[in-house]
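Data first, discussion second: the structure below is written as structure tokens.
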Amino acid sequence: MLSSPAHIAFAWVTAPSNAVPALTAEFYCGTRDLFQARLDKMTRLLLSKHILPESELYLIAALAGEIGNNSFDHNIGNWSDVPGVFFSYHDGETKKQIILADRGQGILKTLKKVKPSLENDEQALETAFREKLSGRAPENRGNGLKFVLQTVQDQKLHLAFSSGSAQAALNDAMMIKKADVFIHGCLAVLSF
């Protein structure tokens, strides 16, 4: 039995550094330009299927772009072991999913550089989605994940986002809790 893209991504981000499974070209984007090309291809495919209004599909693509680009922006030169991102689109009959993952530093390590008072992964996720703060200080950034949260809520989407030992479920509200399994970097599953 073949694993779903979400299961493959989960196995990839939970594997210890000495046993990271290799990803096929179908899922692996080692560079930002490859990720962007695959994101553009996914957007064209979704548009051709007419599953949602064009404006909604562009917002969904923007969410995927924000999350995927964050992987490159915040980990360049600092990847834990495997650089790049896992990226897949799953077109189920009743549910569509975009799956993104990276084996980077994770949200806590990234934000702790500019907010040393963060104590754990749950606080880091709360901060990332609610505060205008960037791990790329002193650059004036930090709106990306706030945009993701607002769009998920406005469009009635669902985003499961995990980093380190924390996981967030974003719907009309955001709930953050301790994860059962440690995520090396970040894992995001956007469902619509």
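Criterion first (under 19 Å from Ala62 (Cα atoms), among the acidic types (Asp, Glu) and open to solvent by 10 Å² or more (accessible area, probe 1.4 Å)) does Asp154 satisfy it?
yes
For the structure I just gave you, tell me whether Ala9 is open to solvent by less than 70 Å² (accessible area, probe 1.4 Å), free of Cβ contacts under 8 Å to residues at least 60 places away in the same chain, in contact with a Ser or Thr (Cβ under 9 Å, 6 or more places away or on another chain) and of a type in the set (Gly, Ala, Ser). So Ala9 fails the test. Of all residue pairs spaced 6 or more apart or on separate chains, those with beta-carbon atoms under 7 Å, a first member in region 151-179 that is under 16 Å from Ala6 (Cβ atoms) and a second member that is aromatic (Phe, Trp, Tyr) and open to solvent by 30 Å² or more (accessible area, probe 1.4 Å) are Leu157/Phe192. When restricted to residues that are open to solvent by 30 Å² or more (accessible area, probe 1.4 Å) and either of a type in the set (A, V, I, L, M, F, W, C) or assigned to a loop (DSSP other than H, G, I, E, B) (or both), region 106-126 contains 8.
From the list Phe129, Phe161, Phe147, the lone residue that is open to solvent by 60 Å² or more (accessible area, probe 1.4 Å) and either in a strand (DSSP E or B) or not hydroxyl-bearing (Ser, Thr, Tyr) (or both) is Phe147.
Let's see how each residue does on (1) among the polar types (S, T, N, Q); (2) in contact with a His (Cβ under 6 Å, 6 or more places away or on another chain); (3) modelled with pLDDT of 95 or more:
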site: Arg38; (1), (2), (3): no, no, yes
site: Leu45; (1), (2), (3): no, no, no
site: Ser55; (1), (2), (3): yes, no, no
site: Leu63; (1), (2), (3): no, no, yes
site: Ser71; (1), (2), (3): yes, no, yes
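Taking the listed residues Ala37, Ala15, the one that is free of Cβ contacts under 8 Å to residues at least 12 places away in the same chain and more than 22 Å from His158 (Cβ to Cβ) is Ala37, with no other qualifying.
The values are calculated or read from the model by the stated rules, or taken from the named source; none is laboratory data. Treat the numbers as computed from the prediction; the structure is a model and nothing was measured. Backbone-built Cβ (ideal geometry, glycine too); neighbour counts: all protein chains shown. Accessible surface is based on the protein model in full, side chains and every heavy atom, while ligands, DNA and RNA are left aside. Shrake-Rupley method; radii C 1.70, N 1.55, O 1.52, S 1.80 Å.
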